[in-house]
Amino acid sequence: MFAHGAGRHAELAARRGKILRLDGGGEGLQRPQKIDRAACAVFHFPPSLITVSSLHSIDQGGRCAENGRRDASRYLVGRLSCKSRKGGGVVKIGIIGAGNVGTGLTRHLVPRGHSVMLSFSLDMAKLGETAAALGASVGTVAEAVSFADVVVLATPWGVTPEALAQAGNVTQKKIVWDCTNPLKPDMSGLEIGTHTSGAEEVAKLAPWATVVKAIPPFAQTLHSPSLLIGADRAAVFVCGDDGDARAVVAKLLDEIGAAPVDAGPLRLARFVEPAAMLLVQLAYKSGFGTRIGLSLLRDTAAR
Ligand SMILES: NC(=O)c1ccc[n+]([C@@H]2O[C@H](COP(=O)([O-])OP(=O)(O)OC[C@H]3O[C@@H](n4cnc5c(N)ncnc54)[C@H](OP(=O)(O)O)[C@@H]3O)[C@@H](O)[C@H]2O)c1
């Protein structure tokens, strides 16, 4: 058994079984060599996301509610895992771009208790009506960013710089869940890649952001009662250079019914974005329709 941090949560998980033996270290992925599913259940994480650092964060998360010493990502990992604590599990989510994706995510996040503020529209009166109908609030981009623990970026690629500029002078680091894909307006291909990615360009445009790339399922699926594709959850590849921020976004994806896959550093968005482009082509040009998704097959026993 190996658990970094000997707090209540780590002990609880340890008592449930032989927990985790983890390798890795340094900046990239820390790969679980052996995974105890009961421990994962305690932490409400998909097994692939239990790492030394997230265990540590979970252990510390509760305490930093009192002393505020930990950074925002670490605190959120803990809070998301502690539904019983006052305010536990509830995340303030500021959405930039309340179109198909922004409202589709809101439909699933609000019923799970999260507090959502919508922003960025050419018609703020209409946005107010949309927000009220979904149980969300409405604000400017700057207000949504200031309000949020997690900022969801769901803008058409062409207006993304304009939307981020409206955030103004952001003084605190914020997790930005980047849902965008840098599609050409006619959906014939991507504007950029693969020497860079939309996610990396977003990180340049918003130095205040801890960017996590995670392109959600099609909006048509988000606007349906269940995200299941047939009997399966659609995989969503989660990339970012901060493991705690990845864990936060993965937890939200898990809650809404997707299957987050921890894909590691942000630069892997260079390949995630084309994969999502493939889905766009299949859905709209090849006649597959939008009820399609990705899945990662993995024989963990063969590692
Ligand atoms: N659609 C999907 O299935 C899907 C799936 C995965 C990822 N994505 C990606 O997610 C992102 C958002 O896609 P979407 O389909 O949700 O887009 P969308 O429906 O066009 O929504 C974008 C929203 O941005 C607002 N907006 C656009 N231009 C604006 C401007 N100049 N000023 C202020 N507000 C403006 C619009 O608000 P108003 O109309 O109220 O003005 C609109 O509601 C894209 O990057 C896309 O590639 C889409």
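Read-outs throughout are calculated quantities, based only on the coordinates presented, and are distinct from any laboratory measurement. Predicted, not measured: the structure shown is a model, and the values here were computed from it. All Cβ positions, even for glycine, are placed from backbone atoms using ideal geometry, and neighbour counts span all protein chains on display.
Separation of the alpha carbons by more than 31 angstrom is noted, of LYS174/LYS285; LYS126/LYS213; LYS126/LYS184, for LYS174/LYS285. Packing, as the average of other Cβ atoms within 10 Å across residues, places the peptides 259-266, 295-302 in the order 259-266, 295-302, highest first. Peptides 223-232, 139-148, ordered by how many other C-beta atoms sit within 10 Å of their residues on average, highest first, read 139-148, 223-232. Length gained on full extension, HIS195 to VAL110: 26.9 nm, using 0.36 nm per residue less the C-alpha separation. For the peptides 189-198, 90-99, 237-246, residues were scored by their other Cβ atoms within 10 Å and the scores averaged per peptide; the highest-first order is 237-246, 90-99, 189-198. Rounded if a/c is under 1.5, else prolate if a/b is larger than b/c, else oblate: which is segment 92-302, with a ≥ b ≥ c the root eigenvalues of its Cα gyration tensor? Verdict is rounded for segment 92-302.
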